[in-house]
Amino acid sequence: MVGAVPKVKADPRADRITADAHGRALRVGLISALVPLSLTLVQCGRAPDPATLAANSQANVQVVAKTRTQVASGDTFEDRFPAPQFKERFPSASESFLQRQMSDFSPKRAVQQPQPEQASYKVASLEPQVPYKRPSREDLTTLVSMKSSAFPYFGNNPASDAPFLNISKGDRRGHRSYSGRVYWQDETYSDSRVLVHVPEHFDVRKPGVIVVFFHGNGATLERDVRDRQLVPKQITDSGANAVLLAPQMAVDAADSSAGKFWQAGGLKRFMEESANHLARLTGDPNSARAFANMPIVIVGYSGGFLPTAWSLEVGGISDRVRGVVLLDAVYGEMDKFASWIENHRSGFFVSSYTRYTARRDRELMSMLRQKGISVAEDMDGPLHPGSVVFVETGDGITHRDYVTRAWTRDPLKDVLVKMSATPSLALTRVASTNPSASSR
């Protein structure tokens, strides 16, 4: 019929050919996508190519250089792992525990606080109320930096009237000692610390004394004064109502320089500053005045003779000094020692010596006898105002151990015990101690 659409018979083979063609195209597409991915995965298991690393590193440098104000030097550890900021390492004030100061951990004398009114205790005694008892505490031994301590010192050496720091090397300044050796200021003459010791039994309300200890050559406060010479322990063991101040002199050096104690009023300034520190350390700020008026005993060991002599001569408070103890220490300055002894008959003077200083000790004894001052040559009796004692020790006593073994073991302890036995020296014993002492 004209105009009718002719019917075409379907050919099954043609359909199969078309489907196969579509399948091949799909497989080719999948292979094309998976091959690069498989190559990438294989590459992940291999060592990186050095050339590629270098190129990447250079690219990183260029990127960092564009994003920073300074030119980046490379992909450094600090770039990849920046240090945590303070706020990231420490909690804020609202997140942290209560902050405490070092002073919170210092032993403090209890201060009586106002209490609610209570009925008085009735006791079978003459006291209408329970008497006040001082709270117990432990010994306090610490290091305190003081502006008035011996060093640093930028003045003159009175022996030559020349600057004490008389050597320079670049920015460093130093001192050429009497032996010719140079000691640098930043290593030897910059330690302003003072060893402070307050025994457990010390009571500022009772008569007491401040012991100022000048150590010898080649010493440090912790290693020698505290641990080897046991100066704080000797003061505690004496039972005396005494505290210790030991300024650091030249640090571990063969030098006896006196530093600020060479200056007029040097000892006075040192004691004034120390009074405030002692009051704070003992927990009673009101006790500063008591410390500022407390008698002083100066102990000089070996090279400590020089700051001892100058403190007596120009220190400004020689009238407060109730006693001077020299432990194998008369190496010179005999005129200063003789002058103080002659003009301060209310104090005592003790010099114990070995063969190293025997000649000068005997010279000083002769000077005093010529002035009509009697001299004893043993430590058998108590110390009295005006006592002048010279004690020679035998060959078995070494200079190095002299602070712990001179005419007896623990000579500083022995002096304080004998001083405590004399009320006129204004010192009390407030703790019991073993009275036995080993004689030389």
- [ ] Say whether the condition of being out of contact with any helix residue (DSSP H, G or I) (no Cβ under 8 Å at 6 or more places or on another chain), surrounded by 18 or more Cβ atoms within 10 Å (Cβ to Cβ) and either of a type in the set (Phe, Trp, Tyr) or assigned to a strand (DSSP E or B) (or both) is met by at least one residue in the stretch 314-336.
- [x] no
Task: Lone qualifier among 274, 256 - being of a type outside the set (Val, Ile, Thr), touching a strand residue (DSSP E or B) at 6+ places or on another chain (Cβ under 6 Å) and touching a residue at least 24 places away in the same chain (Cβ under 8 Å) - done: 274
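Determine whether the stretch 254-273 contains at least one residue that is more than 18 Å from residue 148 (Cα to Cα), of a type in the set (A, V, I, L, M), part of a loop (DSSP other than H, G, I, E, B) and over 18 Å from the mean Cα position of the chain (by Cα).
yes
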Task: In the stretch 206-248, the residues that are more than 17 Å from the chain's Cα centre (by Cα) and either assigned to a helix (DSSP H, G or I) or of a type in the set (Ser, Thr, Tyr) (or both) - done: 233, 234, 235, 236, 237, 238
Task: Residues of the stretch 382-411 satisfying the condition of being surrounded by fewer than 19 Cβ atoms within 10 Å (Cβ to Cβ) and assigned to a strand (DSSP E or B) - done: 392, 405, 408, 409
- [ ] Pick out the one residue from 190, 148 that is more than 30 Å from residue 423 (Cβ to Cβ), in a loop (DSSP other than H, G, I, E, B) and in contact with an Asp or Glu (Cβ under 8 Å, 6 or more places away or on another chain).
- [x] 148
Open item on the list: Can you confirm whether residue 287 is in contact (Cβ under 8 Å) with a residue 60 or more places away in the chain and touching a helix residue (DSSP H, G or I) at 6+ places or on another chain (Cβ under 6 Å)?
Closed with: yes
TODO: Filter the stretch 316-373 for residues that are at pLDDT below 95 and acidic (Asp, Glu) and give the result.
DONE: 319
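The values are calculated or read from the model by the stated rules, or taken from the named source; none is laboratory data. Nothing here was measured: the structure is a model prediction, and the numbers come from that model. Heads up, the Cβs are rebuilt from the backbone with ideal geometry, glycines too, and the neighbour counts pull from every protein chain shown.
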